[in-house]
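> Once you've had a glance at the structure underneath, I'll fire off some questions.
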Amino acid sequence: MAKVAIVMGSDSDMPVMSKAADFLEEMGIDFEMTIISAHREPDIFFEWAKGAEERGVKVIIAGAGKAAHLPGMCAALFPMPVIGIPMKTSDLGGVDSLYSIVQMPSGVPVASVAINGGQNAGILAAQILASSDAELLQKLKAYRETMKDSVVEKAKKLDQVGYKNYK
Ligand code: RP5
């Protein structure tokens, strides 16, 4: 059963949303993924969000742009954590999406990542699940070690070649 549900408002969000999916796949976390527009098909959206708990979903990752109501409406209908991903937009640079997602009323939180923060949404969902999954927690710790090693390697390279030759 999928533990994480990824939903996006449009297929134009896919390049960002796929980064969340890639991370979950890397961690071996089952997820479902779909495209639903809360504005263009509210009935379908309502049914999907209402049914998520029964489907076994523990965390929803919802990405949307512009008047980005999808994550907030997920949070209104789903009783467990919702992570919002604000999409970068052509007119307002994604600040429109960000404000729409983070400015939730008291009682109905959405945890927002950065504009276009697809990978961080996947990581945060994994961290939420890891609070009750020791094996997953080990995988996340190993992932952090890999990140650290890669920065250490970059610093070593800079020492060796100097900044003018650093590529
Ligand atoms: C939102 O409107 C979507 O999440 C997308 O980011 C934005 C634009 O959608 P399209 O016009 O590309 O379908 O609902």
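The values are calculated or read from the model by the stated rules, or taken from the named source; none is laboratory data. For clarity, every value in this text was computed on a predicted model and none was experimentally measured. In this analysis, Cβ positions are derived from the backbone assuming ideal geometry, glycine residues included, and neighbour counts consider all displayed protein chains. Remember, those area values only see protein heavy atoms, side chains included, never the ligands or the DNA or RNA. Shrake-Rupley method; radii C 1.70, N 1.55, O 1.52, S 1.80 Å.
> How about the range 1-118: which strands (runs of 3 or more DSSP E) wholly inside it have at least 1 residues that are open to solvent by 40 Å² or more (accessible area, probe 1.4 Å)?
Result: 31-35.
> Return yes or no: is residue 126 part of a loop (DSSP other than H, G, I, E, B), open to solvent by less than 30 Å² (accessible area, probe 1.4 Å) and touching a helix residue (DSSP H, G or I) at 6+ places or on another chain (Cβ under 8 Å)?
no
> I need every pair where a residue in the range 45-73 that is over 18 Å from residue 120 (Cα atoms) has its Cβ under 6 Å from the Cβ of a residue that is in a helix (DSSP H, G or I) and within 15 Å of the ligand (Cβ to nearest atom), sequence separation at least 6 or different chains.
49/74; 66/96; 67/100; 68/97; 68/100; 68/101
> So which residues in the range 39-64 are within 16 Å of the ligand (Cβ to nearest atom) and closer than 15 Å to residue 6 by Cβ, if there are any at all?
45, 48, 49, 60, 61, 62, 63, 64
> What is the residue count in the range 129-147 for residues that are open to solvent by 50 Å² or more (accessible area, probe 1.4 Å) and in contact (Cβ under 8 Å) with a residue 60 or more places away in the chain?
Final tally of qualifying residues: 1.
> Among the candidates 79, 109, 86, which residue alone is over 11 Å from residue 5 (Cα atoms) and within 12 Å of the ligand (Cβ to nearest atom)?
Of the residues listed, the single one that is over 11 Å from residue 5 (Cα atoms) and within 12 Å of the ligand (Cβ to nearest atom) is 86.
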